[in-house]
Amino acid sequence: MEDVHPQRAKISVAIAVAATLPGLFVRFTHPSLSHPLEALLFGTAIVGAAFMISWAAEVAQLDISAGLAIALLALIAVLPEYAVDFVFASKGGQSFLQTGPACLALEGGGESPCSLALANMTGANRLLIGVGWSMVVFIAFWRLRKKGLISKGHRWEGIRLDREHSIEIAYLAAATLYSLTLPLKHSVTPIDAVVLVGIFVLYTVRVSRAPAEEPHLVGPAAYIGSLSVPARRSIAVSLAVFSGAVILLSAEHFAEALVATGRAFNISEFLLVQWVAPLASEAPELLVAGLYAWRLSTSLALGTLVSSKVNQWTLLVGTLPVVFAISAQGLHGLPIDSIQREELFLTAAQSFFAVAVIIGLTLSLREASFLLGLFLAQFIIGALVPESLHGVERIGTGVMYLFLGAWVLLSDRSKVRQLFRDGFRASYSELGAERSMDKAKEESRLP
């Protein structure tokens, strides 16, 4: 457990709680506010709640079994994003129930709930890789340079993941290969849900066999974890319940305010939902990973974001058609139009490239630069080309991701078989042997 700073931790918790209060006030008093201000207040409330629920989830690792902790963390970490996505999926199902496939064509302009249902998911997934994975590499490189551990002119090999992370990458690869079929369809069906949720269940069962280890807590979670057992449990439960309530009370109003803001200012509602909402839900994960990288716990920093990507690309995508079907009162698939198929293709292609570059359990500075550069290039190109060519731009960027990913895999094809063997079959004792040897070597050097 990291060094505990009680005063800083208390201030952080107080700020997170304070961030939720204006949104809760608006939620229960219904004052007449502009839509952008409503979106800001509800979005800030979700950010504050997301931080609190992430701290509670981290602390929970001290009190429950490893397998249950993994499953619980997987669900809790993405609850803010689930809440917003489920709002649109549910509204899309209600719209489908009234209009059928015509729900994709909303009269009077704007985007329908059906067309927005996948927007937040694709944005969050691309943000996690394009910004998150790259960020931890850049932070680690800068910190190593500042400490004099990397000399000028010396090529840094990058972040190296522990061998156990082969499991996350292998299951992410399986989900990515399946996700490449989604853009070929006109809907995300319950069958797709069974496959993707099934991959998540298999992944959870696999990682539940991991040997118990003391969790690596930082910030407020470290402070709460240092308290007595009754105190830490009561605080963790209180934070989880309060933040969960805030998210559930704010998600729908945040989503509606974003859409209304887009219509009022003639800004693409799809883009607002795709990029503004994920910034709120992904903030805690990115901050925690950044703190790990700052403290040079590099494998933990990148491994946390890889695991999050597995959760989003399996459980989140797989549950959206389930929510839609329940709301539509039938086994209808979540309909997707041509733009969403292009967005799904681009997201799946980015995931394919990301898996390819990390298949050797390393992420170099150059590879991180490629991830960030291609992520930003899509925005720059999209701003420069006419709207009529946006589809070509999305497909072109996706094809580039696939081409680069295939080239990397062909170059490192010897590592592919090893990755899948380690990810799906190797025991944890075998996977941890290399790390134990490295640790023993380091301890032998100590005086």
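The values are calculated or read from the model by the stated rules, or taken from the named source; none is laboratory data. From a predicted model like this one, the values you see are computed outputs, not experimental measurements. Using ideal geometry, Cβ is built from the backbone for each residue, glycine included, and neighbour counts are taken over all protein chains shown. SASA here: full protein model, heavy atoms, side chains in, ligands and nucleic acids out. Shrake-Rupley method; radii C 1.70, N 1.55, O 1.52, S 1.80 Å.
Observations on the structure shown:
- Lone unmet requirement of (1) modelled with pLDDT under 90; (2) over 30 Å from TRP294 (Cβ atoms) for LEU196: (1)
- ARG155 vs. criteria outside any loop (DSSP other than H, G, I, E, B), surrounded by fewer than 22 Cβ atoms within 10 Å (Cβ to Cβ), over 17 Å from the mean Cα position of the chain (by Cα) and modelled with pLDDT under 90: no
- Qualifying residue in region 67-75 (condition: under 30 Å from HIS332 (Cα atoms), within 25 Å of the chain's Cα centre (by Cα) and either open to solvent by less than 20 Å² (accessible area, probe 1.4 Å) or modelled with pLDDT of 85 or more (or both)): yes
- Any hit, region 203-212, residues being at pLDDT below 90 and in contact with a strand residue (DSSP E or B) (Cβ under 9 Å, 6 or more places away or on another chain): no
- Answer from SER351, SER388, SER307 - the residue that is in contact (Cβ under 8 Å) with a residue 12 or more places away in the chain, open to solvent by 20 Å² or more (accessible area, probe 1.4 Å) and assigned to a helix (DSSP H, G or I): SER307
- Odd one out for GLY100, checked against (1) within 21 Å of VAL188 (Cβ to Cβ); (2) modelled with pLDDT of 75 or more: (2)
- Among the candidates THR181, THR176, residue that is in contact (Cβ under 8 Å) with a residue 60 or more places away in the chain and more than 27 Å from ARG295 (Cβ to Cβ): THR176
- Of residues in region 1-59 being outside any helix (DSSP H, G or I) and charged (D, E, K, R), the one nearest to ALA283 (Cα to Cα): GLU2
- Exclusive hit being open to solvent by less than 10 Å² (accessible area, probe 1.4 Å), modelled with pLDDT of 90 or more and β-branched (Val, Ile, Thr), set ILE247, ILE235, ILE191, ILE224: ILE224
- Any hit, region 359-371, residues being charged (D, E, K, R), within 19 Å of GLY132 (Cα to Cα) and open to solvent by 70 Å² or more (accessible area, probe 1.4 Å): yes
Yes/no per residue for (1) surrounded by fewer than 20 Cβ atoms within 10 Å (Cβ to Cβ); (2) farther than 25 Å from LEU272 by Cβ; (3) free of Cβ contacts under 8 Å to residues at least 12 places away in the same chain:
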site: ILE11; (1), (2), (3): yes, yes, yes
site: THR20; (1), (2), (3): no, no, no
site: PRO31; (1), (2), (3): yes, no, yes
site: ALA49; (1), (2), (3): no, no, no
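- Flag if GLY398 is in a helix (DSSP H, G or I) and without any contact (Cβ under 8 Å) to a residue 24 or more places away in the chain: no
- Residues that are at pLDDT below 90, assigned to a loop (DSSP other than H, G, I, E, B) and farther than 30 Å from ARG341 by Cβ, drawn from region 159-188: ASP162
- Matching residues, region 137-151, being loosely packed, with under 15 Cβ neighbours inside 10 Å, of a type outside the set (A, V, I, L, M, F, W, C) and under 12 Å from THR298 (Cβ atoms): none
- Residue that is nearest to PHE345 (Cα to Cα), among those in region 391-401 that are open to solvent by 50 Å² or more (accessible area, probe 1.4 Å) and under 24 Å from the mean Cα position of the chain (by Cα): ILE395
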